[in-house]
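Since every read-out is calculated from the coordinates, none of them should be taken as a lab result. Since the structure is predicted, the reported quantities are computational estimates derived from the model, not experimental observations. Virtual Cβ from ideal backbone geometry, glycine too; neighbours counted across all protein chains shown.
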Amino acid sequence: MKALIVEGVVSQIVEDADIFEVHSGFQWVDCDSSVQENWLYDGSSFSNPFIMSSEELLEELRIVRNSMLLETDYWNAPDTPDMTSEQTVYRQALRDITNTYTSLDDVVWPTKP
């Protein structure tokens, strides 16, 4: 298979027999079947720009977790009754979620009381 590279990005993928002449600023590069259009090419290897790093996945998890904590902040407001033990356990489990899970793909959320 061949990938057509335009400004470092895979523009098109074709079978070897289907390549055609291109502008001198473009190039055909051998690739395997895992490479897809819009992937990046650095001159020697392909990479998928849509895969998030482990740090990005963890940050995404924190954003959702923080939103869930905000939804329950009123439980601890001075003008409301004391939080129940179930509410306290739930909020602590949310705070601790990043100690156990690393992304939204593997997280198991605690049950909201």
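Each label point was placed 7 Å from the Cα along the Cα-to-Cβ direction; for Leu70 and Glu21 their separation is 5.8 nm.
Against the main long axis of the alpha-carbon atoms of the chain, helix 54-71 sits at an angle near 30°.
Would you be so kind as to identify which of Tyr41, Thr102, Ser85 lies farthest towards the positive end of the dipole of the stretch 1-102, taking Lys and Arg as +1 and Asp and Glu as -1 on Cβ and the Cα centre as origin? Toward the positive end, the furthest listed residue is Ser85.
Around the Cα centre of the chain, unit charges on the Cβ atoms of Lys, Arg, Asp and Glu (plus for the first two, minus for the last two) sum to a dipole of about 500 debye.
Remark: spin-label model distance Asp79-Lys112 equals 2.2 nm, labels positioned 7 Å along the Cα→Cβ axis. Length, then width, then depth: along the principal axes, the Cα atoms of the chain run 74, 22, 19 Å.
A simple charge model with +1 on the Cβ of Lys and Arg, -1 on the Cβ of Asp and Glu and nothing else charged puts the dipole of the stretch 43-92 at about 160 debye relative to its Cα centre. To the nearest ten degrees, helix 85-100 and the longest principal axis of the Cα atoms of the chain are 30 degrees apart. Length, then width, then depth: along the principal axes, the Cα atoms of the stretch 54-100 run 40, 17, 10 Å. Mean-square fluctuations from a GNM of the chain, with a 10 angstrom spring cutoff on Cα atoms, peak among Ser11, Ser103, Ser45 at Ser45. Mean residue ellipticity, 222 nm, helices only, the chain: the sum of -39500 (n - 2.57) across DSSP H runs of n ≥ 4, divided by residue count and rounded to 500, is -10000 deg cm²/dmol.
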